[in-house]
Structures are given as structure tokens and as C-alpha cells.
1. Of [x] 1.06; [y] 1.18; [z] 1.23, which is the value of Cα Rg over 2.2 N^0.38 Å derived from the coordinates here?
2. Mind pulling up the Rg/Rh value for region 74-140? Radius of gyration and Kirkwood radius, both on Cα.
3. Using the number of other C-beta atoms within 10 angstrom as an exposure proxy, rank 54, 103 with the fewest first.
4. For the chain, what does -39500 (n - 2.57) per DSSP helix run (n ≥ 4), summed and divided by total residues, give at 222 nm, in deg cm²/dmol to the nearest 500?
5. What is the gain in length, in nm to one decimal, between residue 100 and residue 38 on full extension, counting 0.36 nm per residue of separation less the C-alpha to C-alpha distance?
6. Using the Kirkwood radius built from alpha carbon pairs, what does the Stokes-Einstein equation give as D for region 6-55 at 25 °C and 0.890 mPa s, in µm² per second?
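Just so you know, all these numbers are worked out from the coordinates, no wet-lab data involved. Since we're looking at a predicted model, the values are computed, not measured. A quick note on method: Cβ atoms are made from the backbone with ideal geometry, for glycine too, and the neighbour counts reach across all protein chains shown.
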């Protein structure tokens, strides 16, 4: 759901393993957890220090030096997060969601899950979609 296909995961990991910043013994990008600042192609980047077999699986993740990119548009996700932040907390009645908010939530949900769900008026469907997105944002951002 929030992870890339196995083929793309293997491609990302192959790129990581060939990278001079990859630490094979810890499977991290740079120093574990803290990373460090490096110059790559005349630009400064901060290595993430992430455990790459985990990070490379995530649709929203990208390489610290842009050798591979996310498969989900981060701007699309941030629009959905802004809408979710304005909604009542989980367990409270949602009320009316305008069309622009519906589109933001729906598009982010489809991008993350790969499910081709059509927008509808089913309140149960919207609640499930919103709760699933909230879980994602709590875990990822």
C-alpha cells in the first residue's frame, strides 16, 4: 500500500549499494541516524542516516543526493495533510467536506494505496480513507 513494487525496491537498493556514501556494514546512507553533509556534483546535501532497506521501500522516500525519487508527489500529500489538519479529530463527526478537500484527500489516497477508488458520497468510505491517510501521516511525516 505505502511501499513500492519489489522491482523498484531492488533498483533503488542497487543504486544505494553502488553509492560511495552507502555504509554496507550498517546498511545506512552515511552515518547511522545522524547522517552528515557532503558535496555531490558541486552541491551540498545532507545524508539522511536512514536504514536504506527500509527507506527504499517507501513510496514517499527519496535519495538524499537525488539518485532516486519518490513515486508519490510530495506536494499532493502536503495538500491532503493540510485538509486533514483542518478536519475534526478521529471519532468526531466529519461534517461537510468541500469538493477541493475531497479531491486532495482522494488523490493522495489513490497515489499512496494504488487503489483506483472513485470519489463518492459514502461517509463510511470517506472516514476509512481519512483514517488511513492520518495513519500514514502519523507514521511518515
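1. So the structure-derived entry is [z].
2. In region 74-140, Rg relative to Rh is 0.91.
3. Ordered by Cβ neighbours within 10 Å, fewest first: 54, 103.
4. Per the formula, -14000 deg cm²/dmol.
5. 18.3 nm
6. 221
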